Amino acid sequence: MTDLSRFTGKTVIVTGSSSGIGEGIARRFAAEGANVVLNSRSREDCEKVAADLDEGRTLIVEGDIGKPDFAKKIVDATVEKFGQLDTLVNNAGVAASGMLADASDEDIEGVIDINVKGLLYMCRAAIPELQKTGGSIVNTSSVSGTGGDWTMPIYNASKGAVTNLTRGLALQLGEAGVRVNAVAPSVTRSDMSAGIAENQDLKDAFMRRLPLGRMGEPEDVAGAVAFLASDDARFVTGANLPVDGGVSASNGQPNFSAVD
């Protein structure tokens, strides 16, 4: 990775940063000089990531973003240690598949609490600090937030909310100098996609739907997130940037839930 310094002196919170895409994003910001706040529900998992980062520029705040009080806790801890907040990356998320008619209340709440409410709580807590710095928000949405999947209705609903919240907040916060954008990955190597990567037939079926012919890597998404958070994207807000290997180039949304 090129050793850039676009974020030297800047502070970034990355939720869900103990593995997968979130870990890749956190490492990218750290490599470019940022103070990085790591988060997941497991401090131990965050410590494994932090072990390779600059101790003086790293903070771990473990906790569940789906809990209303947690957002203020992590923002306050960030400002107390680093003095400011410049970028919030709302990356934490969970997936669910199955028929909606068979879903329990817990199935629905488990996805909506993290993917939608958690993002709302984090934005609400971070906005006052981002207004001070002229900072930005980058949300991790999904191609499943711009089109449907046969067997992921709850996940589709949650990521559709992320996609549209990104647009709405961009309109609301533009005059305050705060930009709000999102990335929309397709299948990307992570704990969430482990079942695909380990099943060759399923992996082959997915690959046939990807014009670039390979699964995304966390670094692919991290580079796009870093761009959107940087001054290189200073005139970009309200964008939902596909990082999907070409999936969105088709007229119809390829169905990632079905196997040929």
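Computed from the coordinates by the stated procedures, all read-outs in this text should not be read as laboratory data. The structure displayed is predicted, hence computed values, not measured ones. Glycine gets a Cβ as well: all are built from the backbone with ideal geometry, and neighbour counts include every protein chain shown.
What is the fewest-to-most order of S142, S136, S104 by other Cβ atoms lying within 10 Å of their Cβ? Show your work: numbers first, answer last.
Values: S142 31, S136 26, S104 8.
Ascending number of Cβ neighbours within 10 Å: S104, S136, S142.
For helix 218-229, what angle does its Cα long axis make with the longest principal axis of the chain, in degrees from 0 to 90 and rounded to 10? Result, in degrees: 50. In plain terms, the residue of R214, R43, R28 with the fewest other Cβ atoms within 10 Å comes first and the most crowded comes last, giving R214, R43, R28. Taking all Cα pairs closer than 8 Å and separated by 6 or more residues, the relative contact order of the chain comes to 20 percent. For segment 11-240, the Kirkwood estimate of the hydrodynamic radius, built from every pair of different alpha carbons, is 17.7 Å.
Computed over the chain with a Gaussian network model linking Cα atoms closer than 10 Å, the most mobile of E217, E175, E62 is E175. Relative to the longest principal axis of the Cα atoms of the chain, the long axis of helix 119-133 lies at roughly 30 degrees.
Pairs of Lys residues in segment 11-240, spaced 8 or more positions apart or belonging to different chains, with C-alpha separations under 16 angstrom: 6 in total.
Report, in deg cm²/dmol and to the nearest 500, the calculated mean residue ellipticity at 222 nm for the chain, where each DSSP H run with n ≥ 4 adds -39500 (n - 2.57) and the sum is divided by the residue count. Working shown, then result.
On the way: 9 runs with 101 residues, N = 260.
Calculated from helices alone, the mean residue ellipticity at 222 nm is -12000 deg cm²/dmol.
Arranged from fewest to most other beta-carbon atoms within 10 Å of their beta carbon, D191, D86 become D191, D86. In the elastic network of the chain, a GNM with C-alpha springs shorter than 10 Å, the most mobile of A170, A125, A103 is A103.
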